[in-house]
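Right, one structure below, let's go through it.
The values are calculated or read from the model by the stated rules, or taken from the named source; none is laboratory data. Quantities reported herein were computed from a predicted structural model and do not represent experimental measurements. Every residue, glycine among them, receives a Cβ derived from its backbone with ideal geometry; neighbour counts consider all protein chains shown. Just so you know, the surface numbers come from the protein's heavy atoms only, side chains and all, with ligands and any DNA or RNA stripped out. Shrake-Rupley method; radii C 1.70, N 1.55, O 1.52, S 1.80 Å.
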Amino acid sequence: MTDLAQGIEQFAVTQKLTLMVNRYEIRSVAGDGQPGHLLAVAQQKRAAFKEQVTFYQDESRTLALFSFKARQRLDLGATYDVLDAGGQPIGSFRKDFGKSLLRSTWHLEASGVTVTGSERSLGVAIGRRIWEATPLGDAIPSPFRFHFDFVDPNGEVLMTSERGRSLRDRYLITLPGARLDGRVAAAMAVALDALQSR
């Protein structure tokens with residue numbers, strides 16, 4: 001069975017529509033590109049101001065696999081630590097607030113790997129911001145499909161997040177060469193959805 005901690009090159013993240021709680025499924029990807037078996041279920045902690053998300057083995061939510069948590073509360077430039085099941089740090093990420101005014105940009109670190117991720121298309125980034133500034137932005141989900149590319153200092157892509165065509169938020173995450181810890185990548189992928197508007 002595929003494990004996010006064991007080196008994975010591709011997985012899918014799907015937001016599940018529930019009242020009051022952000023929930024996500026992380027699944028393997030079959031050869032035909034369709035979601036495969038369940039790797040983890042993520043749930044945003046209730047009344048935590050989007051500051052902590054825990055990933056569990058399955059829907060029973062009895063076995064926590066890893067999590068991410070903000071170092072500071074309600075800080076636009078907060079750093080989020082990714083923690084393993086024992087609470088030990090395995091990576092971190094933070095939004096670059098200045099650069100994100102025009103194009104969302106994140107900095108991600110994990111086990112000797114440092115990458116910067118930004119929205120692939122400047123046009124889509126600007127269009128999305130205009131949409132979110134209108135009254136429709138709060139009532140109707142964004143029609144824009146935004147993608148992120150995370151590159152290392154040498155310009156090599158270590159992670160991509162591509163939003164699919166779906167009413168629900170659905171993303172295909174690719175980790176070329178599996179150089180990035182899948183748990184850190186899954187945390188970043190969920191954060192791209194759950195924290196994107198912050």
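Worth a mention:
- Selected residue [loosely packed, with under 15 Cβ neighbours inside 10 Å, modelled with pLDDT of 70 or more and either out of contact with any Asp or Glu (no Cβ under 8 Å at 6 or more places or on another chain) or of a type in the set (D, E, K, R) (or both)] from Gly123, Gly112: Gly112
- Of all the criteria given as (1) assigned to a loop (DSSP other than H, G, I, E, B); (2) under 19 Å from Asp193 (Cβ atoms), the one not satisfied by Phe68 is (1).
- Condition check for Ser161: in contact with a helix residue (DSSP H, G or I) (Cβ under 7 Å, 6 or more places away or on another chain), open to solvent by less than 30 Å² (accessible area, probe 1.4 Å) and at pLDDT 90 or above: yes
- Subset of the stretch 179-198 (residues that are more than 15 Å from Phe150 (Cα to Cα), at pLDDT below 95 and open to solvent by 10 Å² or more (accessible area, probe 1.4 Å)): Asp193, Gln196, Ser197, Arg198
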